[in-house]
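The values are calculated or read from the model by the stated rules, or taken from the named source; none is laboratory data. Remember, predicted model here, so these are calculated numbers, not experimental data. Ideal geometry is used to build each Cβ from the backbone, glycine not excepted, and the neighbour counts take in all protein chains shown.
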């Protein structure tokens with residue numbers, strides 16, 4: 001009996017599986033994916049053979065990770081209905097699929113953890129929001145879940161009503177950061193900095209600034225003010241950002257993301 005069973009080993013499922021492998025060991029992992037190519041990649045990297053089907057995964061694990069796309073979710077839930085026991089804990093990483101819909105499909109006694117990881121989990125630096133179903137989890141289970149989620153980054157617990165907002169805060173927002181990095185790099189390339197050096201300078205600056213927020217616990221506005229010398233270059237740049245609606249653009253992006261997340265939610 002393994003601890004963790006994965007149904008689906010796409011980009012995110014594979015990343016979390018590899019993190020679990022490092023944290024818990026090879027013997028604690030079982031998995032299956034309908035794609036033979038994806039299964040082959042896991043086998044080549046970790047030397048763990050895939051199971052023959054989803055049923056075998058469920059039989060051999062305690063924590064069942066559903067790492068499948070939302071459009072396939074209903075079919076998989078129908079397939080595994082009747083196989084999940086009260087001893088299992090189901091961890092879903094599918095955007096928009098709520099806890100109640102999983103419990104309705106698998107049984108009201110099913111224990112469910114809904115998670116929203118983000119792509120930095122691929123390098124074990126993810127930021128994940130999670131919600132628990134209103135069921136009992138013992139101390140050992142909570143400890144294992146804590147270790148599991150920390151294996152691919154940091155996490156925090158939220159009321160499920162906030163999970164679509166979590167999608168805005170961490171699930172989708174890496175794309176905004178990548179766009180900012182690309183735009184800033186392009187702008188300094190136009191000033192003569194070689195492109196490879198521009199990306200390195202900008203990306204490290206973003207990483208360093210984020211670390212300052214996390215490690216100092218200072219308000220971002222305070223940290224921003226410390227960079228803005230009176231009459232200096234930085235405040236001139238901030239003024240231009242404000243004139244061109246920088247903050248408003250981010251807030252509008254969040255509104256659009258939240259609206260779309262609500263529309264995609266499976267009730």
Taking first residues from region 195-216 that are more than 22 Å from residue 127 (Cα to Cα) and second residues anywhere that are assigned to a helix (DSSP H, G or I), the pairs with Cβ under 6 Å that are 6 or more apart or on different chains are 195/189; 198/185; 198/188; 198/189; 199/185
Failed condition for residue 58, given (1) free of Cβ contacts under 8 Å to residues at least 40 places away in the same chain; (2) in contact with a strand residue (DSSP E or B) (Cβ under 9 Å, 6 or more places away or on another chain); (3) under 27 Å from residue 82 (Cα atoms), with all others met?
(1)
Within region 247-263, the count of residues that are without any contact (Cβ under 8 Å) to a residue 12 or more places away in the chain and exposed (fewer than 13 other Cβ atoms within 10 Å of the Cβ) comes to 9
Say we look at region 60-73 and pick out the residues that are more than 22 Å from residue 260 (Cα to Cα) and surrounded by fewer than 23 Cβ atoms within 10 Å (Cβ to Cβ); which of these is farthest from the chain's Cα centre (by Cα)?
60
Could you grab me the full set of residues in region 79-97 that are closer than 21 Å to residue 259 by Cβ and part of a loop (DSSP other than H, G, I, E, B)?
94, 95, 96
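A quick yes/no check of all residues on (1) surrounded by 14 or more Cβ atoms within 10 Å (Cβ to Cβ); (2) not assigned by TED's automatic domain parsing to the domain that holds residue 250:
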{"position": "152", "(1), (2)": "yes, yes"}
{"position": "156", "(1), (2)": "no, yes"}
{"position": "179", "(1), (2)": "no, no"}
{"position": "185", "(1), (2)": "yes, no"}
{"position": "190", "(1), (2)": "no, no"}
{"position": "196", "(1), (2)": "no, no"}
{"position": "211", "(1), (2)": "no, no"}
Return the only residue of 16, 68, 42 being closer than 18 Å to residue 112 by Cα, touching a strand residue (DSSP E or B) at 6+ places or on another chain (Cβ under 9 Å), in a helix (DSSP H, G or I) and touching a residue at least 12 places away in the same chain (Cβ under 8 Å).
16
In region 19-34, how many are within 23 Å of residue 77 (Cβ to Cβ) and either in contact with a strand residue (DSSP E or B) (Cβ under 9 Å, 6 or more places away or on another chain) or touching a residue at least 12 places away in the same chain (Cβ under 8 Å) (or both)?
6
Checking 57, 30, 9, 76 in turn, the sole residue that is crowded, with 17+ Cβ neighbours inside 10 Å and in a strand (DSSP E or B) turns out to be 30
Among residues of region 192-212 being outside any helix (DSSP H, G or I) and out of contact with any helix residue (DSSP H, G or I) (no Cβ under 9 Å at 6 or more places or on another chain), the residue farthest from residue 237 (Cα to Cα) is 194
Hey, which of the strands (runs of 3 or more DSSP E) in region 98-191, taking only ones fully inside, have at least 2 residues that are farther than 30 Å from residue 203 by Cα?
111-116, 126-132
From 47, 81, 98, 118, residue being surrounded by fewer than 16 Cβ atoms within 10 Å (Cβ to Cβ), touching a helix residue (DSSP H, G or I) at 6+ places or on another chain (Cβ under 9 Å) and farther than 17 Å from residue 7 by Cα:
47
